[in-house]
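Taken together, the values in this text are just the output of simple stated rules run on the coordinates, not laboratory data. What you see is a predicted model; the values in this text were computed from it and never measured. Because the Cβ atoms are built from the backbone with ideal geometry, glycine has one as well, and the counts that use them run over all protein chains shown.
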Amino acid sequence: MGFALSVLYLVTNCLTAPVLFGPLAAYRIELILAALILFVSLPKLAGSGVMKTPQSLAMLGLMLATFMSVLVGEHWASGAVGTLVGFIPTLYAYFLIPLHINSKRKLQILVFMLLFVCLFVIAHGWFDLQYGVGGGAGTDDSYLWDLEHPYLLPFGNGTGEMFYRLKGQGFLNDPNDFGQLVVCVIPLVFIFWRKGYLLQNLFVLLSVCVLFYGVYLTHSRGALLALVAMAVAAGRRRIGTIPALLLGGVLFVAAMALNFTGGRAISAGSGSDRTVLWGESMQLLRSHPLFGVGAGTLPDYLGLTAHNSVMVCAAELGLFGLYFWSLFLFSTARDALEIASPAKVSEGEQITSEEIPFPHAIGKIETIGKAEVNQLGRLLSLSLVGYLVTGWFLSRAFAITFFLLGGMAEVVYEMALQRGMIAPRLPLTRATLYAGGLTIALILLMYVMLRTVNLMH
């Protein structure tokens, strides 16, 4: 029951309650689901090892950081409490996965849910493009336009030409947000790939083609760069680094020729406005180093957000928040890379029934081999590459997509660990030290980039 409720809750957050439940959304269905899941999950949480992982510590630290950032940065106690409530979907996005998923089959259901969300939005956006928008490129009343065309955003490319960009609803109510989700889902769809199963593999290929088309409809420059980076990362293992880089270059040129970005350029000059925002965010970090200026308040200071996940986290939550974000990133990336490495994973011993730290609804644990663990690790690593590349150009430090990937990586690592296929996790003390190093490295990287850009100008 907990797993089914978790999937329903995640779908509701992705598509929004009004889309799924219509008039019933007025009864705050998402809050009812959240309360039910909490009731079902608490007994499992008490007897599990979920709270012992670095990711869990990072999530609790981020929750505290968002609270303190508003309390200290804005001197607003009630606003800080409201920020905690707003953090619940992000918290659930991570904890529900290791609590209620312990098998590849359940991971496949979760991926199918994400695929369904993407295909749902793409289908609605495509239908609106074909039959809904007519000859106009928007109206003067943006609110009315959004009501009539909830999955399309009119946009200008800087030369006076208007075009439409695909977007979702809720936390996906931006073409870049939706593009980031689709980019991360593309590799995960290959969890359904099985050698020799023609129809199943055809479903995978068709789904990936539709997802690529969905990314195209978003016209997101960050999503395009992420696709290229993922192609290079995937190709490097099979054809070598140099051929993979050449392949990435060819894909980039082809995408630009096909007007992938809607006529908007990708260059240092076209991104100069973003580097200005990065520099201003760095100044805010210097003036509010510990807890930042307050979660979600960066536009109040800059007029816009930072368009970089590292800087938005650092400026809004300070070094305190950036540290816990880095802890989550480091732990997730390490888990994904470890399970993706054939040298790190052994065949291990299969188990049929045993009490494990992550509770589950069934007593029998499916058989899973080294090759499957490695495949899952590679798919999650590619998805993480997609998130990080898009996140470098977008303010998506707290996107639910990131924490879903973290939960999935934790599940696969735990599956391998319980079967004796992989070494135990790093001790928490070492993980926290490495996270501190990553925090410093990210700040230095941003500083060096900004200094380099300033010297170029």
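For the reader, a short list of remarks on this structure follows.
- Working note: 222 nm ellipticity from helices only, DSSP H runs with n ≥ 4, each -39,500 (n - 2.57), summed and divided by the residues of the chain, gives -23000 deg cm²/dmol to the nearest 500.
- Contour excess over end-to-end distance, with Cα ends at L31 and Q108 and 0.36 nm allotted per residue: 25.1 nm
- Overall dimensions of the stretch 171-256, expressed as equivalent-ellipsoid semi-axes from the Cα gyration tensor (√(5λ), whole Å, largest first), are 21, 20, 10.
- Prolate/oblate/rounded call for the stretch 51-200, Cα gyration tensor, a/c under 1.5 rounded: oblate
- Based on Cα atoms of the chain, Rg over Rh with Rh as the Kirkwood radius reads 0.95.
- Label-point separation, L91 to M256 (7 Å along Cα→Cβ), nm: 4.6
- Compactness index (Cα Rg / 2.2 N^0.38 Å), the stretch 14-137: 1.37
- Sequence ranges 97-103, 110-116, ranked by mean other-Cβ count within 10 angstrom, highest first: 97-103, 110-116
- Alpha-carbon Debye profile of the stretch 364-435, log10 I(q)/I(0) at 0.14, 0.24, 0.26 Å⁻¹: -0.56, -1.15, -1.19
- Estimated FRET transfer efficiency (F127, D273; beta-carbon r; R0 30 Å; 0.05): 0.30
- Nearest-0.05 FRET efficiency for L24 and A371, computed from C-beta distance (R0 51 Å): 0.70
- Karplus (6.51, -1.76, 1.60) ³J(HN,Hα), θ = phi - 60°, over the stretch 113-119, in Hz, Gly and Pro reported as x: 4, 5, 4, 4, 4, 5, 5
- Rounded to whole Hz, the Karplus (6.51, -1.76, 1.60) HN-Hα couplings of the stretch 85-95, x for glycine and proline: 4, x, 7, 4, x, 5, 4, 5, 4, 8, 5
- Cα gyration tensor, the stretch 1-75 - rounded (a/c under 1.5), prolate or oblate: oblate
- Between L144 and L206, the simple label model (points 7 Å from Cα in the Cβ direction) yields a spacing of 4.0 nm.
- According to the Kirkwood relation over distinct C-alpha pairs, the hydrodynamic radius of the stretch 190-342 is 18.6 Å.
- Formal net charge of residues neighbouring G296 (Cβ-Cβ distance under 12 Å; K, R +1; D, E -1): -3
- With loop membership from DSSP and a limit of 14 other Cβ atoms within 10 Å, the longest segment of the chain without GluC sites (Glu not before Pro) is 162-346.
- In the chain, Cα pairs under 8 Å separated by at least six residues give a relative contact order of 21 percent.
- Taking trypsin sites (Lys or Arg not before Pro) in DSSP loop states with no more than 14 other Cβ atoms inside 10 Å as exposed sites, the chain has its longest site-free stretch at 196-363.
- Counted residue by residue at 0.36 nm each, then reduced by the alpha carbon distance between them, the extension gain from L445 to L199 reaches 83.9 nm.
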